[in-house]
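Okay, structure first, notes after.
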Amino acid sequence: MSFHTRLLTGALLGSVVFILAGCGNAPNAVQNPPSSPSPTPASQQFQLTVSNTGSGTITSSPAGINCPQDCAANFDAGMQVTLTEVPAVGSSFTGWAGGCTGSSTTCAVKVSANSSVTATFMAAAPPSPQQFQLTLADTGSGTVISAPAGINCPQVCSANFDASTQVTLSATPDSTFSFAGWGGTCVGTTATCSVTMNASSDVTATFSANRPPPPLQFHLTLTDTGTGAVSSSPAGINCPQTCTANFAAGTQVTLTAAPDSGFSFTSWGGSCTGTTTACAITMNANSSATATFTALPPQQFQLTVVPAGAGSGTITSSPAGINCPQTCSAIFTSGTQVTLSAVAGSTYVFDQWTGDCSSGSAACAITVNANSNVTATFAATLQSINHIIFMAQENRSFDEYFGAMRDYWRKNGYTDQTFDGLPQFNNPTGTAPALIGCDPAFPFSPSPAAEVDCMVDSSSPTVSSYHMITQCTENPSPSWDESHVDWNLSNPVAATATMNGFVKTAANDARRSTPSLTDSNGLRTMGYYNGDDFPYYYFMASNFATSDRWFSPVMSRTQLNRSFLMAATSNGHAYPLSPTAGQMNIKTIYELLQTAGVSWRVYVSDDQTVPIQNSAEESMFTFANSHAGNFVSATKFMTDLQTNNLPSVSEIEPGFSTGTDEHSGLDPNAPSGKVQKGAVYVSTLINALMNSPYWKDSVFILTWDEMGGFYDHVPPQPMPSPDGIPPSDLPPGDICTVVTGPNCDFVYTGFRVPLIVVSPFTKKNYVSHTVTDYTAILKLIETRFGLPSLTHRDAAQMDMTEFFDFVNKPWSVPPTPPTQPNNLPCEYTQLQ
């Protein structure tokens, strides 16, 4: 079939009727000029008259009719006249009537008498408000149809479709033509194209006439038997889709055979020979080749299992055949039901089946009807952690250390997430917190007669949160009395915490110290550090896990919080034990471990003397007397990592006297902990673990024992009393002895402190929002080793498993953290 180029654009409003000569004088009718009437038929001739409705052209072969200009002509009797229709733009041909019938493009009339033929054209209806028009133009010779129906070009080349309809156009070339490509709204050279009708669209389909190969080319024809594919290099053959191609004379064409699943390649035939999958033909003549594929025995298929996940285990099959990890693939007869059974290894659990068999139970049945692949995922569990190491550095608040975490994430490409740091770094950013300070009308004087506490009134300025530029600060007081003022400046025993007393308590502590401290207005408590100061801590907290609801256990000093860290109670003490008070005869986590036969050790960083003496906090408990051998130098921690001697539970005591504990300074002339120096020390411990054989099954928990008097905006949270014992050592005049309130007992946590959980099992970039105090470390140890709770306090905490991904083991290969600098100055007068 021959096609005419048609370009159909726009929507035609209404229809235009053409009435040809001999068809009346309807509007817009076109007639032969009166001066040129049709000739009277001569002898052996008859008149053929054509009329049309709608808009289009009809021509004849032999020539004579070109309607609507010439719509009648005489032809010899017996002559066969072929009429051809061409619709006008915006119209489509509907069909013939009279001496012709049907709807094909052409119509043949044998002239044996005067005859008349009518051709009907129909204008495309305009689209409705919810429709758009799709118009098709083609070049060459071929047919284009649409789905949904509407386009069947060259007969019907324009149609309206509902808005958002996806219309698929399919092009079929006529014989001796090939489809060359789409144009307009459609692009590409595949035979189909889809148009989503969100606007009126024009599409062109181009058909190209096939040409015989040039004289210096030869045909290569490929025939395949069985099921498989054959491709050529250079490209051209991709059989069974394209099995014939022309190549230049002398070209070496390499054919490559690839059997489908269930088949094998057997051999070549014709111009190729052999049984290898590749064959080369030099094109010096028209050639043909045959590729033979043979079906594999249809009754047998291969079943393959793949173990995956952070854990390990054994997979067996019934019927026998698979016993993985030794034998992970077997052949089974088609139709066989194979039951796979998974048994996790020690300290692991089976998680799930995936692939061609999916189930969460340890057994999975599959009917083998094809080659199949099944994955068995084994997960680690808390029992996979065999070494728990924890360390509590000294006296730093969450906002002081990690308040700028989201700013670090923004600058270093981490995905933002909920994290309750300082408001000025949140998203969206808020206002930096500011606390009321000391009234300048009542300045501090070092003279005892003139000494005055920080006066807070309506004339007092505010002290805003700021970036600290020194790594040394004078020591604020975090004791019981001061912590309650920090809780609520105007009413320290109120049920509602306002978290606004930090500046005053720090100022009073500086003024009451002997000698008095430099920062007599408490400015130091509002300072914070950021990721530039602590690149190691910020990197580890961001890549591993942290928490913005991790609290110290009690609103008081180091000794009481560390008592909770080991025994989940302070046994009624709100203040440190006096030298004459003796030791507390209460159980500690170490006694539970000792009784259960679980190895433990305390590594003491202040190791200037040998033998190592019990650390100050552990010496509060009677258990230390009989287990002095478990207290060793922190230098032995490094050795134990490399000599297969690390115990199941390790505590690393910070270095107070060596200045590596990050404690704030005691006085300007004898600076104690430098924060960056302490961070460098911690980094050596964690890095040593990550590079040791113990990395694969360990966790290192780094925290700080209490907030040290530094600002934090989140108040302590309600918690169960550990043992029902109220504070028993409050001195006369203490806030809770003058007036009491809900926070005058051990039923609240202390303030927030930083946390980093480092393990190969730690979730990546994880932030916990679960409220807990750090007796959760005890809960983790108790859960892992099957120990009872020490008190109601540790029993109420989470067991920390939410920090871990035991299925994927995200940090099997630990990251490489940045080097922690120690370059901030150490001085007390210039804070910002």
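If the condition is being part of a loop (DSSP other than H, G, I, E, B) and either in contact with a Gly (Cβ under 6 Å, 6 or more places away or on another chain) or among the β-branched types (Val, Ile, Thr) (or both), then the range 451-474 contributes VAL452, VAL456, SER460, PRO461, MET468, ILE469, THR470, CYS472, THR473. VAL699 meets the conditions (1) in a loop (DSSP other than H, G, I, E, B); (2) surrounded by 23 or more Cβ atoms within 10 Å (Cβ to Cβ); (3) of a type in the set (A, V, I, L, M) in every case but one. The failed one is (1). The lone criterion from (1) without any contact (Cβ under 8 Å) to a residue 12 or more places away in the chain; (2) assigned to a helix (DSSP H, G or I) left unmet by ALA320 is number (2).
The residues listed here are THR176, THR196, THR172, THR192; of these, the one that is surrounded by fewer than 15 Cβ atoms within 10 Å (Cβ to Cβ), more than 37 Å from the chain's Cα centre (by Cα) and modelled with pLDDT of 90 or more is THR172. Could you tell me whether any residue of the range 476-494 is part of a loop (DSSP other than H, G, I, E, B), free of Cβ contacts under 8 Å to residues at least 60 places away in the same chain, touching a helix residue (DSSP H, G or I) at 6+ places or on another chain (Cβ under 7 Å) and not basic (Lys, Arg)? Yes, some residue in the range 476-494 is part of a loop (DSSP other than H, G, I, E, B), free of Cβ contacts under 8 Å to residues at least 60 places away in the same chain, touching a helix residue (DSSP H, G or I) at 6+ places or on another chain (Cβ under 7 Å) and not basic (Lys, Arg). In the range 479-496, of all residues being among the hydrophobic types (A, V, I, L, M, F, W, C) and buried (at least 21 other Cβ atoms within 10 Å of the Cβ), the one that is nearest to THR525 (Cα to Cα) corresponds to TRP487.
Taken together, ALA310, ALA330, ALA289 contain a single residue that is open to solvent by less than 30 Å² (accessible area, probe 1.4 Å), touching a residue at least 60 places away in the same chain (Cβ under 8 Å) and touching a Leu at 6+ places or on another chain (Cβ under 7 Å), which is ALA289. Filtered by the rule that a residue be part of a helix (DSSP H, G or I) and open to solvent by 10 Å² or more (accessible area, probe 1.4 Å), the range 628-639 gives ALA628, GLY629, ASN630, THR635, LYS636, MET638, THR639. When GLY355 is tested against the conditions (1) within 30 Å of GLY269 (Cβ to Cβ); (2) surrounded by 15 or more Cβ atoms within 10 Å (Cβ to Cβ), the lone failure is (1). Looking only at residues in the range 180-189 that are in a strand (DSSP E or B) and out of contact with any Asp or Glu (no Cβ under 6 Å at 6 or more places or on another chain), the one that is most open to solvent (accessible area, probe 1.4 Å) is ALA180. Among the residues of the range 640-657, those that are among the aliphatic types (A, V, I, L, M) and either within 15 Å of ILE781 (Cβ to Cβ) or not in a helix (DSSP H, G or I) (or both) comprise LEU646, VAL649, ILE652.
The set of residues from the range 497-520 being modelled with pLDDT of 95 or more and open to solvent by 40 Å² or more (accessible area, probe 1.4 Å) comprises THR498, ASN500, LYS504. Apart from one condition, THR277 fits all of (1) closer than 27 Å to SER372 by Cα; (2) in contact (Cβ under 8 Å) with a residue 24 or more places away in the chain; the exception is (2).
If you go through the range 773-820 and keep only what is touching a helix residue (DSSP H, G or I) at 6+ places or on another chain (Cβ under 7 Å), part of a loop (DSSP other than H, G, I, E, B) and under 16 Å from ALA310 (Cβ atoms), you end up with PHE806, PRO814.
For ARG524, state whether it is modelled with pLDDT of 95 or more, in contact with a Ser or Thr (Cβ under 9 Å, 6 or more places away or on another chain) and of a type in the set (Lys, Arg). Criteria met by ARG524.
The values are calculated or read from the model by the stated rules, or taken from the named source; none is laboratory data. Quick caveat, the model's predicted, so the values are computed rather than measured. Backbone-built Cβ (ideal geometry, glycine too); neighbour counts: all protein chains shown. The protein model used for the area step is the full one, side chains on, heavy atoms only, and it has no ligands, DNA or RNA in it. Shrake-Rupley method; radii C 1.70, N 1.55, O 1.52, S 1.80 Å.
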